[in-house]
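The structure under discussion appears below in the form of structure tokens.
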Amino acid sequence: MRIVRDTREQRGYRFEGPAYADVTVEDGTLNVGDYSLAGLGDKVAVERKSLPDLVQCLGRERERFVRELQRAVALDAFCVVVEASWQDLASGQYRSQLSPRAACQSVLSFMARLGISFIFAGNRSAAEYITAYFLRQYLEGARKRWATIVKAHGDGSGGEAA
């Protein structure tokens, strides 16, 4: 599996270790999100957020974040993976003027109004795992859909009867 990591991604995941034996990482420019699959950047993406980054996106950088989420709605699959727990957000385990109540309500609003999943992974390593396996599940589904299309329409060699 070839994962594309956006060139603007800071502290990017490396996907190293036994769980990622078949993963290669390529740096590239993505229009949406921080991670996608090679050749499928217009279909699937994952946005990675640390808790401070998420809070900043819910506050001072909200307009930019909303624009990105609106672009993400056009994808087949997209999620925001947060390297913290919901409890960390809800209890204000961050430095910001944004109240925990307002932060939580913003996330829930994006989920309800835009249909975007926010996955609170609890920590960085869990978020990395979720990112890889979210992309893997999309890829496996795409392979199955493609196999169904090929089976229904032949292999394209022109040898089948009309």
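A 1.4 Å probe run over the chain, with the rest of the protein chains in place, finds 58 Å² accessible per residue. In terms of its alpha-carbon gyration tensor, region 1-160 comes out prolate; a/c meets the 1.5 threshold, and the first ratio a/b outweighs b/c. With a ≥ b ≥ c the root eigenvalues of the C-alpha gyration tensor of region 2-46, is it rounded (a/c under 1.5), prolate (a/b larger than b/c) or oblate? Oblate, because a/c is 1.5 or more while a/b does not exceed b/c. Computed from label points 7 Å out along Cα-Cβ, the spacing between Val73 and Arg11 is 3.0 nm.
Rounded to the nearest whole Hz, the Karplus-based 3J(HN,Hα) values (6.51 cos²θ - 1.76 cosθ + 1.60, θ = phi - 60°) of region 61-68 follow the sequence 9, 4, 4, 5, 5, 4, 4, 5, with x at glycine and proline. So for region 1-77, averaging the separation of alpha carbon pairs under 8 Å that are six or more residues apart and normalising by length, what relative contact order in percent results? Contact order relative to length: 28 percent. Each Lys and Arg contributes +1 and each Asp and Glu -1, all at the Cβ; summed about the Cα centre of the chain, the dipole is approximately 440 debye. Couplings 3J(HN,Hα) for region 101-108, derived from phi with the Karplus relation 6.51 cos²θ - 1.76 cosθ + 1.60 (θ = phi - 60°), are 4, 5, 4, 5, 5, 5, 4, 5 Hz, where x marks Gly and Pro. Surface composition of the chain: carbon and sulfur make up 49 percent of the accessible area, probe 1.4 Å.
Amide H to amide H, with H built 1.01 Å from N, Ile119 comes under 5 Å of Val80, Val81, Val82, counting only residues 5 or more places away or on other chains.
Antiparallel beta bridges, as assigned by DSSP with both residues in region 1-58, represent about 45 percent of the total such bridges.
The values are calculated or read from the model by the stated rules, or taken from the named source; none is laboratory data. Note that the structure is a prediction, hence the values are computed from the model and not measured. All Cβ positions, glycine included, derive from the backbone under ideal geometry; neighbour counts span all protein chains shown. Side chains included, ligands, DNA and RNA excluded: accessible areas come from the protein's heavy atoms. Shrake-Rupley method; radii C 1.70, N 1.55, O 1.52, S 1.80 Å.
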